[in-house]
1. Hey, among 274, 294, which residue is open to solvent by 40 Å² or more (accessible area, probe 1.4 Å) and touching a Lys or Arg at 6+ places or on another chain (Cβ under 9 Å)?
2. Under the condition of being farther than 30 Å from residue 341 by Cβ and touching a strand residue (DSSP E or B) at 6+ places or on another chain (Cβ under 9 Å), which residue from segment 170-188 is most open to solvent (accessible area, probe 1.4 Å)?
3. Got a sec? Which helices (runs of 4 or more DSSP H) wholly within segment 74-139 have at least 2 residues that are at pLDDT below 80 and small (Gly, Ala, Ser)?
4. Residue by residue through segment 315-332, note down the ones that are farther than 30 Å from residue 244 by Cβ and open to solvent by 70 Å² or more (accessible area, probe 1.4 Å).
5. Check off (1) exposed (fewer than 10 other Cβ atoms within 10 Å of the Cβ); (2) at pLDDT 75 or above for residue 69 and give me the number that stays unchecked.
6. If you take the residues in segment 198-215 that are surrounded by fewer than 13 Cβ atoms within 10 Å (Cβ to Cβ) and of a type in the set (Gly, Ala, Ser), which one is farthest from residue 234 (Cα to Cα)?
7. From (1) within 17 Å of residue 321 (Cβ to Cβ); (2) open to solvent by less than 10 Å² (accessible area, probe 1.4 Å), pick out the condition that doesn't hold for residue 226.
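The values are calculated or read from the model by the stated rules, or taken from the named source; none is laboratory data. Given the structure is predicted, the values throughout are model-derived calculations rather than measurements. Every residue, glycine among them, receives a Cβ derived from its backbone with ideal geometry; neighbour counts consider all protein chains shown. Calculation scope for accessible area: heavy atoms of the full protein, side chains included, ligands and nucleic acids excluded. Shrake-Rupley method; radii C 1.70, N 1.55, O 1.52, S 1.80 Å.
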Amino acid sequence: MLARVLFLIALAASASAWADPLSDAFSQGGELGRSGNAQARGSVTGEAARSSVPNYTTNPPQTSLYGSGGLSAPAGAAIGNCALTPGQGSSYADQACNATNFSQTNPGQRPNFTIGSNDPLLVRSKAIANNPQSIAGNLAGTYSTCTTQTVASPDIYETRVCNQYRTMEQLACQKLLTVQVSWRNNCTPGTWFGNFWVNTWGNGEVGKRFAGIAINAYCQMGDTVRMALHAICTEEPCSGYAEIQVDATSGAVSPQIFTNFIGRSWYTTDLFNRVDYKGGGCTADQCSFAFCTRYEATSTTCDDVTCTTTPVNETRACGTFTFARPRSIATVTDAWDNQCAALEARTQ
């Protein structure tokens, strides 16, 4: 109301000032405005305002917001209340919610339009901006009474609130596993190893007198085990060599007899002329095969009347050759390329 009265007063003053120089018009307009202030103020304050301004009160509920720590919560409550019971009417009671809803919805409903560079509004404003004196005249003497003053104002304290939100994102990353497999053999392919002895020690003289066989395994990968046997003795005759290849799982056919061996120590009780393969087999890591040395012959005894032949079959020594099964051993090395480290750090 006050603003409308002042606007009408200023309009009347400006309408009567065009005939005079600008300095006189400015002075007369100021006098007219000041003379109308008292009358206008009396119409919008006190009892006059109560009777002329709709819903006027000296203690509106909004006075509680003065000096509060922040307006975010009251503003949010007002927006929520008006969303539930919107105004849209023309009464004074609807004006508050009409204004609140307008502030929330208008940015999305405001019509779009384009003002071109040749629009009369822009052309006219550019002409005024480029040469304002051609419109307003010479203002050199109008503000001659203006002076420079230093004014000290008290400190103004404000509480400002801002909200920061993290935008929801759909991000993807990869964890890549590189598996490297290296192989090594537990023996040197193409070589013999083991040197396991099956023998008798003459009269218990360990290391001095013996007769028997030495067994070696051949380093080859697969399901077949190859072994070599040769005679070892401290006395002649001592000879014999044989190779045997058996299935690693079943051990092939057993027993198997090798008759091309002969050997002895100084003691005739160590004499042998047979080697028996007794069988065996392998697991994933280990092999075990049994062998024996044996003496087989006939013995003839005679008296004055007749001779008697008796078969001789005596086992001299037995042993089990146990060794690591020839195989290739894999070593697996895992290498992770974690491309998600940066995203994982954000969630901690």
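1. From the options 274, 294, the qualifying one is 274.
2. Per the criteria, the residue is 183.
3. Output list reads 92-109, 133-136.
4. Correct list: 332 only.
5. (2)
6. The qualifying residue farthest from residue 234 (Cα to Cα) is 204.
7. Unmet for residue 226, out of (1) within 17 Å of residue 321 (Cβ to Cβ); (2) open to solvent by less than 10 Å² (accessible area, probe 1.4 Å): (2).
Residue-wise test of (1) basic (Lys, Arg); (2) open to solvent by 70 Å² or more (accessible area, probe 1.4 Å); (3) at pLDDT 75 or above.
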| site | (1), (2), (3) |
| --- | --- |
| 22 | no, yes, no |
| 31 | no, yes, yes |
| 49 | no, no, no |
| 55 | no, yes, no |
| 59 | no, yes, yes |
| 62 | no, yes, yes |
